Amino acid sequence: EKGEYRHFMQKEIFEQPAAIQRTLQDRIDSPDAVSAAFGEAARTIFDRVRSVQIVACGTSYHAGMVARYWLEALAGIPCQVEVASEFRYRQHVVPEGTLFVTISQSGETADTLAALRDTGSDNYVGRLAICNVDGSSLVRESELTFLTKAGPEIGVASTKAFTTQLAGLMMLVLALGRRHGLSDERIEQILSELRQLPNLLEQATALDKPIEALSRAFVEKHHTLFLGRGVQFPVAMEGALKLKEISYIHAEAYPAGELKHGPLALVDKEMPVVAVAPNDELLEKLKSNLQEVRARGGELYLFADKNARVADGEGIHVLHLPAVPESIAPIVYTVPLQLLSYHVAVLRGTDVDQPRNLAKSVTVE
Ligand code: M6R
């Protein structure tokens, strides 16, 4: 039931601190506990992993894209990510020692399941499902499973499933990284950062009111651009997907460095631009991309670290997030984008929990 909330999506956004807490509970006390969360067979399978292939759809695909940045940067393991509907119909090369990873809230998505069923190559060392539904087809048919414990997700727009997938994927990166030279100190450090997540997500949901106020600027718009760089690029993609899905406003995400290679031509004062800008080394570069937007009269909405040295100005609206460790920033920065699309959709009067033309679980091709 929705309780005090107006929509399931809203309830599920606010449930994220608890959902992450459940997902991490008893699983991040030590590096050994992290590996154990993937099941008994994981020990031997993980030892043999030389590359990772992630396959998923929609929001779950965006989680996979974040994981690729993490896996290559922290564990030095090559990683490919592809949407299931493409992967399953494409001739592809499977490098020796590949771990096949599916990500899915429902565990019943037809394309993802079909891709899993087609992993006959001997070069796969194992199949892991990161999934929110125990006993689902994906879970039953994979030798390794990591269950996100988000609880039932009713809103068609995926929210808490995504952030819990990301938490599970970071655990996977630590489990594999440990076998690939990621130091114990770094692992312990990231584990302690993961423990801060419920609290940081709580602080992110506390931005609800200012985001609601800001959402009014989007109601009459027809197009929006979402920008991010590095690991925040998939977060921008997820923000754009949420907005188009429930508010029916056209939204596109770009890695900010691609702006001048085309999309900048679209920017004018009718095109709000949303950017995620935590305080990482790409911030300075992002800032110069944002100048390009301002110079064309585009209104900028910036979600930035409180230490990011960016301030409100003419046409620039900054919303500050708490200081977040880099390792978990994509998880925390997702929340304000979910809230933004939620409030825009409510103002536009759409059916937030059941957007037109969409089904919660896509069990047909
Ligand atoms: O159940 P799955 O995670 O496999 O579903 C994949 C997509 O259909 C799903 O994430 C979809 O994109 C959501 N409606 C996005 O909010």
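The values are calculated or read from the model by the stated rules, or taken from the named source; none is laboratory data. Keep in mind that what you see is a predicted model, and the values were worked out from it rather than measured. Reconstructed Cβ throughout: ideal geometry from the backbone, glycine too, with neighbour counts over all protein chains shown. In case anyone asks, the SASA skips ligands and DNA or RNA and just uses the protein heavy atoms, side chains included. Shrake-Rupley method; radii C 1.70, N 1.55, O 1.52, S 1.80 Å.
Filtering the stretch 264-290 to residues that are in contact with a strand residue (DSSP E or B) (Cβ under 6 Å, 6 or more places away or on another chain) and modelled with pLDDT of 90 or more leaves Met271, Pro272, Val273, Val274, Ala275, Val276.
When residues in the stretch 232-249 are screened for being closer than 10 Å to His62 by Cβ and either modelled with pLDDT under 95 or open to solvent by 10 Å² or more (accessible area, probe 1.4 Å) (or both), 3 of them pass. Among the residues making up the stretch 74-114, those that are without any contact (Cβ under 8 Å) to a residue 60 or more places away in the chain, away from the ligand (no atom under 16 Å from the Cβ) and open to solvent by 30 Å² or more (accessible area, probe 1.4 Å) are Pro78, Gln80, Tyr89, Arg90, Gln91, His92, Val93, Pro95, Glu96.
A search for C-beta distances below 9 Å between a residue of the stretch 241-252 that is away from the ligand (no atom under 11 Å from the Cβ) and any residue that is at pLDDT below 95 and open to solvent by 30 Å² or more (accessible area, probe 1.4 Å), counting only pairs 6+ apart in sequence or on different chains, returns Tyr248/Arg356; Glu252/Leu266. With respect to the conditions (1) at pLDDT below 95; (2) open to solvent by 30 Å² or more (accessible area, probe 1.4 Å), Gln21 lacks only one, and its number is (1).
Quick one: which of Thr224, Thr205 is touching a Lys or Arg at 6+ places or on another chain (Cβ under 9 Å) and farther than 23 Å from Ile103 by Cα?
Thr224
Taking the conditions (1) within 16 Å of the ligand (Cβ to nearest atom); (2) among the hydroxyl-bearing types (Ser, Thr, Tyr); (3) touching a residue at least 60 places away in the same chain (Cβ under 8 Å) in turn, Tyr69 satisfies each one other than (1).
Val34 passes every criterion in (1) surrounded by fewer than 20 Cβ atoms within 10 Å (Cβ to Cβ); (2) away from the ligand (no atom under 16 Å from the Cβ) apart from (1).
Filtering the stretch 118-148 to residues that are surrounded by fewer than 19 Cβ atoms within 10 Å (Cβ to Cβ) and among the aromatic types (Phe, Trp, Tyr) leaves only Tyr124. Among the criteria (1) farther than 28 Å from Phe14 by Cα; (2) away from the ligand (no atom under 12 Å from the Cβ); (3) charged (D, E, K, R), the one Lys149 does not fulfil is (1). Only residues that are within 15 Å of the ligand (Cβ to nearest atom) and either in contact with a Cys (Cβ under 9 Å, 6 or more places away or on another chain) or part of a loop (DSSP other than H, G, I, E, B) (or both) were counted across the stretch 115-139, and they come to 7.
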